[in-house]
Amino acid sequence: MSDDRSVPLSWANAIRFNFRGIQIHPAEWRMNSRSTSRYCAHCGTPLGGNPTDGDARWTCAGCGRAPYDGPRALVLSLLFARDRFLVIKRGELPYVGQWAPPGGYVEYGESLESAAVREVEEESGVVVRPEALIPYALVSLPQMNQFYAIYTARLPDTLPLRAKSPESLDARWVTETELASIEFWEPAAGFDMGRVYRNAQSDRFEFYQQTESFVRRFAKDRITYLRRWGDRNES
């Protein structure tokens, strides 16, 4: 694919934004669908090439064993202060120049919470305690060999912001009205941000899970299936 048409992938349904599918840029699909391992985990032999189409595992030329290349972990943080939402202006591919919640890859030796704290500080200058992060969603993207751990947090007030290049070009606390007037993150084009803001103001705890076959919500003593892949009403 050489054009800019997006490939539909759905994980935002899991966050219950009345959203039918996330849009992943073809460049990101290609970049993240490749193997990320450079050396065999068993014998250290350099790995060349990638798995053949339709085969996610192949053998090492040195020891003949299959190198492990499991999914990459990413974090995303939805931070609110009063009636404002924290967004950063992306400085790296893909989606350069678009506004998005802070987030990124989990590094070696990090917990998910530590990675979320680091990404928020690196991209916005805001220091948030791990205890302030509330688990919000776990989203599996096997098509991209990734999974997202999504957190939300409510701060007592807005804090000074400091964008750090190249990860972010700018950072802002925006109201729901202001968010509607900026170029928001392309994958979130269908988010019902009104619902996001309302949820941030409530004390209700909900958790969302997406797998390759369903999306469901956990709330109090009830589990609700929001979507199942392959249902007759799916388009």
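The values are calculated or read from the model by the stated rules, or taken from the named source; none is laboratory data. Everything quoted here is computed from the prediction, not taken from an experiment. Please note: Cβ atoms are built from the backbone with ideal geometry, for glycine as well, and neighbour counts cover all protein chains shown. The accessibility values were calculated without ligands, DNA or RNA, using every heavy atom of the protein model including side chains. Shrake-Rupley method; radii C 1.70, N 1.55, O 1.52, S 1.80 Å.
Quick notes
- Rolling a 1.4 angstrom probe over region 76-140 with all protein chains present gives an accessible area of which 52% lies on carbon and sulfur atoms.
- Other residues within the sphere of radius under 14 Å centred on the Cβ of Ile182, judged by their own Cβ, net out at -1 (K and R +1, D and E -1).
- Asp221 accessible area, 1.4 Å probe, all protein chains in place, Å² to nearest 10: 150 Å²
- With a 1.4 Å probe rolled over the protein heavy atoms of all chains, the accessible area of Cys63, Cys40 falls in the order Cys63, Cys40, largest first.
- Shape call, region 91-158: gyration tensor on alpha carbons, a/c limit 1.5: oblate
- Per-pair calculated FRET efficiency, R0 = 22 Å: Tyr105 and Gln209 via Cβ, rounded to 0.05: 0.60
- Global form of region 103-235, assessed from the alpha-carbon gyration tensor, a/c cut-off 1.5: prolate
- Accessible surface of Lys164 - all protein chains present, 1.4 Å probe, nearest 10 Å²: 110 Å²
- Across the protein chains, with a 1.4 Å probe defining accessible surface, the residues Ser181, Ser124, Ser111 rank Ser181, Ser111, Ser124 from largest area downward.
- Calculated FRET value between Arg82 and Thr59, using beta carbons and R₀ = 41 Å, to 0.05: 0.15
- Nearest-10 value in Å² for the accessible area of Ile150, using the 1.4 Å probe: 0 Å²
- The simple spin-label model puts a point 7 Å past each Cα toward its Cβ; for Leu155 and Arg198 those points are separated by 2.6 nm.
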